[in-house]
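A short reminder: the numbers here are calculations on the coordinates, not readings from a lab. Remember, it's a predicted structure, so these values are computed and weren't measured experimentally. Note that we place each Cβ from the backbone using ideal geometry, even for glycine, and neighbour counts take in every protein chain shown.
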Amino acid sequence: MNRDFLSIVGELSLAKKILVVGHIMPDGDDISSVLSAALGLRRLGKEVMSGIDWRIPWYFYEFEETNLIKSYDEIIQTGFQPDFVLVLDASSPDRIGRFQEFLKKINSAVVDHHGTNTLFGTLNWVDTKFGSTAQMVLRLNTELGVPYDGRLATINLMGIATDTGFFRYSNADEIVFSDATKLVSMGGKSYLVSRIFENKRIEQFKLLSTMVEHIQTENNGQIVYSYLSKKDYESNNCTEDDSGGFVGELRSIQGVELAIFLSEYEHNEVHISFRSKDWFDCSKLAVLLGGGGHPRAAGCTLKGELPVIIEEVIREAKIMYDAQLKALEGVH
Ligand code: 5GP
Ligand code: MN
């Protein structure tokens, strides 16, 4: 067993007050990981608080336990003084927002599955072989002796399901299926996980339609991109939370290898999501632009005017696409 894993289990066993932290712009894996760890550690009698320095997308409140995740300000107001910090699914310190402050004073463990992780904890268990961080939390909880019931199993399953696109992506391997089986055998219900995403507002379909109108293609349709401006969100009575699955829709288009979705979530602040189908390494492009992620799913955030950012990102994407394609063809 990995040495850092065992050291982290040791620290968590000793700790009495633990702060569990997730990343900004949280996704299903992050929320699942934070909740599974926080609920698990509570069951061991620890005093636990969990925090994310970002608004939680509304549809995650389908699981009422999401209310346990507090904002940075709420945690500061309680005066909570943790003796250990557990950071989940975050690849670099900037990804946890203001919670970085805690890492300056208190020992921490970073548990993550991103190859771009900068190993910023006191202890770091980073393993890209896992399709989701939720699977790593399952291992921590199991080693710590956390008792599972159907509820905790469902919450833990949510991260595996969402980070593998409900077992459709290339990261849905044998370990993913066997971990999911384990959670289902402990009472996890995948239909409850799907409910989070089968609860759409009609405005989200209108927003999707605006996104579809903006679709552009490059490289004979192998690169596809689209965008939504702050105005597009506002005129559809939506926020960036409502465009969660859009980049996946772009990738699903026939002949597309690289899909790019640019979302102006705040005026002159743009989040860019990259997704690829078979071979393009999105994480290299995201890192070049100051972000990170996985080979098939990565992202970054840029400040500036949307049209300028679109032009810059698409230019860099095309250059890297051609370079990676050339390298790939050189291999064959
Ligand atoms: P998404 O496109 O869904 O926001 O993110 C896809 C993947 O890239 C996720 O694994 C996410 O953690 C990572 N990612 C997205 N944006 C950033 C970013 O700004 N910095 C880093 N380091 N990773 C990111
Ligand atoms: Mn993840």
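Key figures
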{"item": "Gain on full stretching of the segment that runs from Asp149 to Glu203 - 0.36 nm per residue minus C-alpha separation", "result": "15.8 nm"}
{"item": "Cα-based shape type of region 285-332, given that a ≥ b ≥ c are square roots of the gyration tensor eigenvalues and the cut on a/c is 1.5", "result": "oblate"}
{"item": "Calculated FRET efficiency for the pair Tyr191/Tyr61, C-beta based, R₀ 22 Å, to 0.05", "result": "0.80"}
{"item": "Label point distance in nm, Glu174-Tyr265, each placed 7 Å from Cα along Cα→Cβ", "result": "3.7"}
{"item": "Set of aspartates and glutamates with alpha-carbon distance to Lys200 below 12 Å, sequence-local pairs under 8 removed", "result": "Glu62, Asp241, Asp242"}
{"item": "Region 202-331: radius of gyration and largest Cα-Cα distance (Dmax), Å", "result": "14.1, 49"}
{"item": "Percent RCO, i.e. relative contact order, over the chain, from Cα pairs under 8 Å lying at least 6 residues apart", "result": "12"}
{"item": "Across Lys70/Lys104; Lys189/Lys230; Lys104/Lys182; Lys46/Lys182; Lys182/Lys284; Lys70/Lys189, pairs whose alpha-carbon gap is larger than 28 Å", "result": "Lys189/Lys230; Lys104/Lys182; Lys182/Lys284"}
{"item": "Relative contact order for region 3-196, counting Cα pairs under 8 Å that sit 6 or more residues apart, in percent", "result": "24"}
{"item": "Calculated FRET value between Ser252 and Val331, using beta carbons and R₀ = 22 Å, to 0.05", "result": "0.25"}
{"item": "Binned Cα-Cα distance frequencies in region 1-145 - 5 Å width, integer %", "result": "2, 11, 22, 27, 22, 13, 4, 0"}
{"item": "Backbone N within region 1-39 under 14 Å of label point (7 Å from Gln81 Cα along the Cβ vector)", "result": "16-18"}
{"item": "Per-peptide average of other Cβ atoms within 10 Å, ordering 292-298, 102-108 highest first", "result": "292-298, 102-108"}
{"item": "Over region 166-267: Rg over Rh, Cα atoms, Kirkwood Rh", "result": "1.07"}
{"item": "Volume per residue of the C-alpha convex hull in the chain, rounded to whole Å³", "result": "138"}
